[in-house]
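Q: Dumping the structure here so I can ask a few things about it.
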Amino acid sequence: MNILTAAIPLKENELREALKYYQEEGKLQNHIHMHSLLKSMITHIGSTDSVLRDQLIYSSFCQLSLDNQIEHGLYIELAEYCVSKAFMFQGIGECGTDTVFTRSFSTLLLALILYKDNKEDFLPQSMVDKIKESMILYINAEKDLRGYVPNKGWAHSIAHASDVFEELAKSKKIGRESAIDLLKSLWNKIYVHQSVYVHDEDERIITAVIQLVHKGLIVEVAELIRNMPSKLQELKEQLEEENYWYLYANCKGFLKSFHYTIKESEGLLILQKEIDRCLAEI
């Protein structure tokens, strides 16, 4: 039986008080059981209350993990929740609605779980494969690219997804072919034409791309950079002028940030040269 499925979640106000107590005292209240707390945290992970969602729920997940308070089996259950239709895929394809918070913070929790697994090796291969496939489906389908949402806090779907890609790239359970699939899907999110990234999304994407380079994909990344001018020209013919300039700004901003990030990395000289060539051409 799944432990968290059987657990009875706290009400939102009870959860808020329980997490405040944990953060202040470094321990759970005597009447709060860990299983109930975790069930409550995942249940409310997409709250539109930024204090509850970000400062209490996600921060407490991080602290509980750091304090080794979550059993390995519970991480696996939490991962199953995250990749489900009710969480990572809730309202997928919508734009401007509150479901983005559930999707985005489900992926951010996955990044934390993978980070822990990369240190302690407890996720089954099948679960890592499931996360990888789910993330590819998710990032290809995510349309809500908002960063900071007034009165509701961070959505940051692409930044959070990039964090998952970074941890997947670090995983020994991800082989070369899977890494290539991850790279292609993540790279597509550079070619955004609905708006301009303004909340450091490009830097989070770059961090994941560099980790994939370290996985052995330097040639593949160089080719993607080399193809960017022709890809831009192809899309220019399909887009309204305003949308093309959004796209252009995202691509150029990405290349400049990428170049700055790797400028002192001697082993990535091939990428620096490709970026210089690409910037001159576009």
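The values are calculated or read from the model by the stated rules, or taken from the named source; none is laboratory data. Since this is a predicted model, take the numbers as computed values, not measurements. Counting neighbours? That spans all protein chains shown, and the Cβs are built from the backbone with ideal geometry, glycine included. Note: areas computed on protein heavy atoms with side chains; ligands, DNA, RNA excluded. Shrake-Rupley method; radii C 1.70, N 1.55, O 1.52, S 1.80 Å.
Q: Report those helices (runs of 4 or more DSSP H) wholly inside the stretch 191-282 carrying at least 3 residues which are under 27 Å from the mean Cα position of the chain (by Cα), more than 19 Å from Glu166 (Cα to Cα) and among the aromatic types (Phe, Trp, Tyr).
A: Details: elements: 201-212, 218-226, 228-236, 241-262, 269-281.
Those helices (runs of 4 or more DSSP H) span 241-262.
Q: What number of residues in the stretch 12-38 are touching a Ser or Thr at 6+ places or on another chain (Cβ under 8 Å) and either open to solvent by 20 Å² or more (accessible area, probe 1.4 Å) or of a type in the set (Ser, Thr, Tyr) (or both)? Break it down into steps so the answer makes sense when it comes.
A: First pass over the stretch 12-38, keeping only residues touching a Ser or Thr at 6+ places or on another chain (Cβ under 8 Å): 12, 14-15, 18-19, 22-23.
Within this subset, residues satisfying the condition of being either open to solvent by 20 Å² or more (accessible area, probe 1.4 Å) or of a type in the set (Ser, Thr, Tyr) (or both) are 12, 14, 22-23.
Number of matching residues: 4.
Q: Do the conditions hold for Ser195, that is, is it in contact with a helix residue (DSSP H, G or I) (Cβ under 7 Å, 6 or more places away or on another chain), under 30 Å from Glu241 (Cβ atoms) and crowded, with 16+ Cβ neighbours inside 10 Å?
A: no
Q: Taking interchain pairs and intrachain pairs at least six residues apart, which have beta carbon atoms under 7 angstrom, with the first residue in the stretch 121-143 and among the small types (Gly, Ala, Ser) and the second modelled with pLDDT of 95 or more?
A: Ser134/Val83; Ser134/Met88; Ala141/Ile92; Ala141/Gly93
Q: Out of Leu212, Leu255, Leu269, Leu217, which single residue is modelled with pLDDT of 95 or more, over 21 Å from Ala111 (Cβ atoms) and surrounded by 13 or more Cβ atoms within 10 Å (Cβ to Cβ)?
A: Leu255
Q: Which of the following residues is without any contact (Cβ under 8 Å) to a residue 24 or more places away in the chain, under 22 Å from Thr102 (Cα atoms) and within 24 Å of the chain's Cα centre (by Cα): Gln55, Gln63?
A: The unique qualifying residue is Gln55.
Q: All but one of (1) open to solvent by 10 Å² or more (accessible area, probe 1.4 Å); (2) under 22 Å from Tyr248 (Cβ atoms); (3) in contact with a Ser or Thr (Cβ under 8 Å, 6 or more places away or on another chain) hold for Lys143, so report the exception by its number.
A: (3)
Q: Ok, one more. Among the candidates Leu186, Leu232, Leu247, Leu224, single out the residue that is closer than 25 Å to Gly267 by Cβ, out of contact with any strand residue (DSSP E or B) (no Cβ under 9 Å at 6 or more places or on another chain), in contact (Cβ under 8 Å) with a residue 40 or more places away in the chain and open to solvent by less than 20 Å² (accessible area, probe 1.4 Å). Before you say what the answer is, go through the steps one by one.
A: Details: Leu232 fails: closer than 25 Å to Gly267 by Cβ; Leu247 fails: closer than 25 Å to Gly267 by Cβ; Leu224 fails: open to solvent by less than 20 Å² (accessible area, probe 1.4 Å).
That would be Leu186, the only listed residue that is closer than 25 Å to Gly267 by Cβ, out of contact with any strand residue (DSSP E or B) (no Cβ under 9 Å at 6 or more places or on another chain), in contact (Cβ under 8 Å) with a residue 40 or more places away in the chain and open to solvent by less than 20 Å² (accessible area, probe 1.4 Å).
Q: Right, here's the next one. Being open to solvent by less than 40 Å² (accessible area, probe 1.4 Å) and over 12 Å from Leu271 (Cα atoms) is the filter here; which residues of the stretch 199-209 pass it?
A: Glu201, Asp202, Ile205, Ile206, Ala208
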